[in-house]
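Reviewing the structure listed below.
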Amino acid sequence: MQRKNLIWVGACLLLGMFGVALYFPATALPTHSDFSAIYNTDLALVRRVPIYDLAAVRELVQPLSGVPDANFFLARFPYPPWYALSTFYLGLLPPASAATLWFEINLLLLFLSVYFLTDGWPGRVRLLAFPFALLFLPTLGVLSVGQYDLPVLLGTALILFGLKRENLIGVVGGALLVTFKPHIGGLIFIALFIWLFIQKNHFGRQGIKYILFALLALCVLGFLADPDWIRGYFNLLLNYQGEGNVASCSECINPSILISRWFLGGSFRSAVWIALSLLLVCVGFYFLKRDRFLSSPVVFITAGVLAVLWISPYFYNYDFILLLIPLAFVTEHKPSKLTAALLLLCLLVPYFAIGLYGRAGNIALIFLTFAVSLMFYFQIKALTTRPPAHTMHATK
């Protein structure tokens with residue numbers, strides 16, 4: 001499709017999304033769930049209230065919420081200001097319309113992520129990847145509560161696409177998107193920076209330069225959202241651990257928080273120390289096996305994603321949507337019956353586990369992460385130990 005036609009299709013799609021949100025809002029979407037954090041932040045943004053002045057934001061949005069002051073809870077938005085700036089238009093819409101538009105945007109981000117992750121795949125397999133990604137249980141969790149993971153998923157997909165094709169726009173755009181949710185995307189950003197640095201070539205140097213310039217531009221734009229955003233944002237992060245669900249991390253699911261619950265009382269603080277220990281273990285393992293993990297940019301960045309899945313202590317079941325990235329690697333490099341069985345398990349097991357055990361069934365996602373990690377490692381081991389094609393032909 002020509003670029004001009006693509007622009008027209010994109011413009012029509014966006015207009016259609018706004019039209020559906022305005023005239024056919026989905027009232028079943030929970031506007032008081034996680035979505036309320038970004039919606040209230042955008043309300044403050046469009047009404048020129050500093051977004052990290054929580055007292056001022058509460059004073060603005062509580063009367064609009066219809067909830068009595070004694071029962072009103074202002075959900076925190078612990079993300080950088082450029083996330084709010086990219087979604088300011090939500091604050092111009094009624095809650096139901098804004099929630100519908102946010103749902104549509106997340107769907108679009110999901111399908112764009114799959115499109116870039118499956119670049120170069122056979123047509124039929126690529127087509128099947130779209131419904132698989134949509135029906136993956138963490139994806140449904142992200143979409144249903146209006147969570148904020150999909151920019152990170154799309155950003156990582158763009159990074160992988162850009163590195164494979166040496167496309168600076170993809171790499172820089174992806175690097176900026178993973179900063180939208182720093183505690184999930186930060187390690188991926190660092191992995192990208194390390195890869196570009198160790199290449200010591202023109203593309204790597206250009207990538208680092210443009211990423212730093214673009215990040216500086218985002219930081220400057222952040223002052224539009226809050227003139228005191230640097231101090232306000234970091235104060236919010238420092239006090240965020242005081243939130244009841246954060247201090248106990250009662251709904252988190254990750255190896256570090258599980259170890260903390262089993263042996264150290266379950267506090268989030270102890271989980272952070274365990275996460276740091278796991279990070280050192282991962283770094284040591286990656287260094288010892290560096291010949292394999294440095295074999296290609298896709299391997300290196302995917303290994304960084306798996307490190308996030310294993311390490312990050314503040315991790316919910318919907319954050320496991322990042323599993324789609326190593327699953328894409330596994331599917332592309334070993335389209336076998338074993339891979340098909342693994343994909344089927346990834347699709348069905350979380351439904352059965354949570355259906356039978358409720359929230360306790362979330363542990364199934366950790367077992368799936370373990371299985372995918374093993375598949376990933378043995379595949380890169382096979383790829384790096386396989387003799388070159390000309391050698392195999394000579395042997396024959």
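The values are calculated or read from the model by the stated rules, or taken from the named source; none is laboratory data. Bear in mind the structure is a predicted one, so any value in this text is a computation, not a measurement. No Cβ is skipped: glycine too gets one built from the backbone with ideal geometry, and neighbour counts run over all protein chains shown. SASA here: full protein model, heavy atoms, side chains in, ligands and nucleic acids out. Shrake-Rupley method; radii C 1.70, N 1.55, O 1.52, S 1.80 Å.
What the table shows:
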{"item": "Centroid-to-centroid separation of the range 126-188 and the range 361-382 [C-alpha atoms, Å]", "result": "19"}
{"item": "Ranking by accessible area, most exposed first, for 69, 34, 42 with a 1.4 Å probe", "result": "69, 34, 42"}
{"item": "Cysteines without a disulfide-compatible partner [the chain; Cβ-Cβ under 4.7 Å]", "result": "12, 219, 282, 346"}
{"item": "Residue 51 - accessible surface, heavy atoms, 1.4 Å probe, Å² rounded to 10", "result": "10"}
{"item": "For the chain, with +1 on Lys and Arg beta carbons and -1 on Asp and Glu, the positive-most of 177, 33, 146 along the dipole", "result": "177"}
{"item": "Dipole of the chain [Lys/Arg +1, Asp/Glu -1 at C-beta], most positive-end residue of 77, 307, 24", "result": "307"}
{"item": "Ellipsoid equivalent to the range 209-312 - semi-axes via the Cα gyration tensor, in Å", "result": "28, 27, 9"}
{"item": "Separation in nanometres of the label points that stand 7 Å from Cα toward Cβ, at residue 234 and residue 28", "result": "4.6"}
{"item": "Two-site FRET efficiency, residue 221 against residue 135, from Cβ-Cβ distance with R₀ of 45 Å, rounded to 0.05", "result": "0.80"}
{"item": "Residue-count net charge about residue 97 - beta-carbon cut-off 15 Å; Lys, Arg +1, Asp, Glu -1", "result": "-2"}
{"item": "Solvent-accessible surface (1.4 angstrom probe) belonging to residue 149, in square angstrom, nearest 10", "result": "0"}
{"item": "Dipole-positive endmost among 168, 233, 218 within the chain (Cβ charges, Cα centre)", "result": "168"}
{"item": "Contour excess over end-to-end distance, with Cα ends at residue 194 and residue 288 and 0.36 nm allotted per residue", "result": "32.2 nm"}
{"item": "Exposure rank, largest accessible area first [48, 359, 126; 1.4 Å]", "result": "48, 359, 126"}
{"item": "The range 256-332: chymotrypsin sites (Phe, Trp or Tyr not before Pro) in DSSP loop, at most 14 other beta carbons within 10 Å", "result": "none"}
{"item": "Viscosity 1.002 mPa s, temperature 20 °C, Stokes-Einstein D of the range 166-217 from Kirkwood C-alpha radius, µm²/s", "result": "196"}
{"item": "Sorted largest first, extent of the range 2-85 alpha carbons per principal axis (Å)", "result": "54, 29, 19"}
{"item": "Heavy-atom accessible area ranking, 1.4 Å probe, most first, across 121, 8", "result": "8, 121"}
{"item": "Helix 150-165 vs. the chain, principal-axis angle (Cα, 0 to 90°, nearest 10)", "result": "30"}
{"item": "Size of charge dipole - the chain - debye, nearest 20, with Cβ of Lys, Arg +1 and Asp, Glu -1, no other charges", "result": "1520"}
{"item": "All Cα pairs of the range 1-149, percent lying beyond 17 Å", "result": "67"}
{"item": "Under-5 Å amide H pairs with residue 266, H placed in peptide plane, nonlocal only", "result": "261"}
{"item": "Chain lengthening between residue 8 and residue 166 when straightened (0.36 nm per residue, less Cα-Cα)", "result": "54.2 nm"}
{"item": "Correct option for mean projected area of the Cα convex hull in nm² [calculated from the coordinates] among (1) 22.4; (2) 26.8; (3) 24.1", "result": "(1)"}
{"item": "C-alpha center-to-center spacing [the range 1-75, the range 79-97] in angstrom", "result": "5"}
